[in-house]
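Chemist: Sharing a structure with you now.
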Amino acid sequence: MAAVTGWRRSGSSGAVDDLRRLAPPSPATVGSPRRTSSASGGGGAASNAVQVAMARLEDEFRHVLSSRALDLEIEALADLTSLSMCSDRTNSADVAEEAAAADEDDSVSSSVGRRSSYRSLRSIREIDLLPADAISDLHAIASRMAVAGYGRECVQVYASVRKPAVDSALRRLGVEKLSIGDVQRLEWEVLEAKIRRWIRAARAAVRGVFASERRLCFLIFHDLPLSSSTITTATHDAPFAEAVKGAALQLFGFAEAISIGRRSPEKLFKIIDLHDAIADLLPDVSDIFAASKAGESIYVQAAEIRSRLADAVRGILSEFENAVLRDPSKTPVPGGTIHPLTRYVMNYSSLISDYKTTLSELIVSRPSACSRIAPEGNENAPSFPDLDLADPDSQLPLAAHLIWIIVVLEHNLESKASLYKDAALSHLFVMNNVHYIAHKIKDSPELRGLIGDEYLKQLTGKFRLAATRYQRTAWLKILNCLRDEGLHVSGGFSSGVSKSALRERFKSFNAAFEEAHRVQSAWYVPDTQLREELRISIAEKLLPAYRSFLGRFRHHIENGRHPELYIKYSVEDLETSVTDFFEGCPPSLHNRRRSHG
């Protein structure tokens, strides 16, 4: 049993009480229990005896608080890293009742019920930091020191012991001591990992470490006069605040550094995670800290950080819109495939929709008119289309921002499409990219719910129109080679087909198709279904026209010399060759040829 227990049983507590009654504290003598007798005027031997007794109690208080402390098992806090509604809280009322029973003279028992004022959340888990009998002994010592006017000294001893324990617990949770400058100098990839670790550590620190510290402090100091009559009465939260305030400020200092750091689009989702973590913790922080003036500044700091993080989220979304708006058109992507900007913007938009719950709360205004202007340094660029929303009154501002991002992306893609010298490839590029946009929306229920089917129909119509324009531009010249115009001669003594014109027509078709095969096999349509649909559409136009043309004029060529120079391909050859289109790598057409006989 600790020394204090022996002291209490020997009746020394009664002797101290007697001395206290003989020499009550006066304003001149309140201070350190080490104060010498020269500072006292009329207390005499009794006053000196009280000081000696208080010094002894102070030592006993420090000894019990240090030696009886239980090792904090960090693993026990692991489940506190989840959101509050998913976490449990151990019922620590039993420990409080044991502490109350250990000393019936103390008022712990009567005040256990009042702990509900800071234990109202299911997320909080209070862990035993000292055994119940040790807590009862500490309360007995603290009550006698406080009544004797040595409450401040008792608080100082308490803080000097518990502060290193709190700091140690946070270190074991992985909380690093980093200044705001240290945090802002870190590379973002490094900082992302630290944010993930910080979120887990902060939940355990607030809900486990700080909550347990406040409970311990309550059980030891509740209802005790911790200051002299000349000083504003302190509450039992004062020792708690002195013990944990430094660690709490250090903990939230990391989030503060993020909230005031440089903004860029890649930081958005980790900042939302950080915002959500602090928002989730705020009720716990309020429950633990804000009930007292001593700890209120911690809650105020956390609330301000959440507010700054919300501002950062709104600012980053605006900067992302501007980045899409001003992405420069440099060089066309090979083969008319999906532009990296399209993939980036749509993946980013999908992630935005995944954070719909938070962003719908934070994004409360629609895109401003000032954002719909020509890019900087390009005043001659065409103005952007207005944001034509199907039902703007019923649509979330977040949805309006997502539609605006896609509108800006489409406009940017049109500018990039103009970089292609081949008009057909330009249309294919638009088709690929708008098709990708539409399918990313379809594949994400959250994104589709925000964008809406009305706008999705517009996108579907746009990529189909681009596909039609591609086919018209790329194949009209080839299909014109299979028309009858210019092949017939009439007048004089004869009429019929001009064999020379027919031979030239076959040669023109062969050359045009070979060029189309060579070029368009190198073009790329990454979506398998779209690629196949486009090939089928081409075949449905090309093969019947070629079959008909061959049927009408084949015998004119075969009756002449070297027909293989003009009729180079069968219908089956063309059908097989069309399967090479849009693969992104041109094969040899001649390896595909069959006999036309």
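The values are calculated or read from the model by the stated rules, or taken from the named source; none is laboratory data. Computed from a prediction, not measured in an experiment: that's the story for all the values here. Cβ placement follows ideal geometry from the backbone for every residue including glycine, while neighbour counts extend to all protein chains displayed. Quick note on the areas: whole protein, heavy atoms, side chains included, nothing else; ligands and nucleic acids left out. Shrake-Rupley method; radii C 1.70, N 1.55, O 1.52, S 1.80 Å.
Chemist: How would H555, H222 line up by accessible area, probe 1.4 Å, largest first?
Modeler: H555, H222
Chemist: Still on this model: Averaging sequence separations of C-alpha pairs under 8 Å and six or more residues apart, then dividing by the length of the range 482-580, give the relative contact order as a whole percent.
Modeler: After rounding, I find 34 percent.
Chemist: Right, next: If you split all Cα-Cα distances of the range 421-570 into 5 Å bins from zero, what percentages do you get per bin, shortest first?
Modeler: Here the calculated profile for the range 421-570 is 2, 8, 15, 16, 13, 11, 9, 7, 6, 4, 3, 2, 1, 0, 0, 0.
Chemist: To the nearest 10 square angstrom, what accessible area does Y470 show with a 1.4 Å probe?
Modeler: Spelled out: Y470, probe radius 1.4 Å, area about 0 Å².
Chemist: Now for a separate question. If you place +1 on the Cβ of every Lys and Arg and -1 on the Cβ of every Asp and Glu, how big does the dipole about the Cα centre of the range 435-573 come out, in debye to the nearest 20?
Modeler: 380 debye
Chemist: Another question, then. Please report the accessible area of L565 (heavy atoms, 1.4 Å probe, ligands and nucleic acids excluded) in Å², nearest 10.
Modeler: Around 100 Å² of this residue is reachable by solvent.
Chemist: What figure in square angstrom, to the nearest 10, would you give for the accessible area of C585 with a 1.4 Å probe?
Modeler: Probe radius 1.4 Å; accessible area of C585 about 80 Å².
Chemist: Also, quick follow-up: Express the accessible area of the range 482-580 per residue in Å², computed with a 1.4 Å probe while the remaining protein chains stay in the model. If you can, show how the numbers build up before the last one.
Modeler: Numbers: 5130 Å² over 99 residues.
Accessible area per residue, the range 482-580: 52 Å².
Chemist: Under the classification rounded if a/c is under 1.5, otherwise prolate if a/b is larger than b/c and oblate if not, where does the range 482-580 fall, given a ≥ b ≥ c as square roots of the Cα gyration tensor eigenvalues?
Modeler: It is prolate, given that a/c is not under 1.5 and a/b is the larger ratio.
Chemist: To continue, here is another question. Leaving ligands, DNA and RNA out of it, report the carbon-plus-sulfur percent of the accessible area of the range 482-580 at a 1.4 Å probe.
Modeler: Summing carbon and sulfur atoms, their accessible area is 50 percent of the total for the range 482-580.
Chemist: Show which lysines lie in cross-link reach of K177 when reach means a straight Cα distance below 27 angstrom and same-chain residues fewer than eight apart are skipped.
Modeler: In chain and number order, the partners are K163, K194, K245, K267, K270, K293.
Chemist: Leaving out same-chain residues fewer than 8 places away, which lysines sit with a Cα under 17 Å from that of K440?
Modeler: By straight Cα distance, K440 reaches K356, K457, K462.
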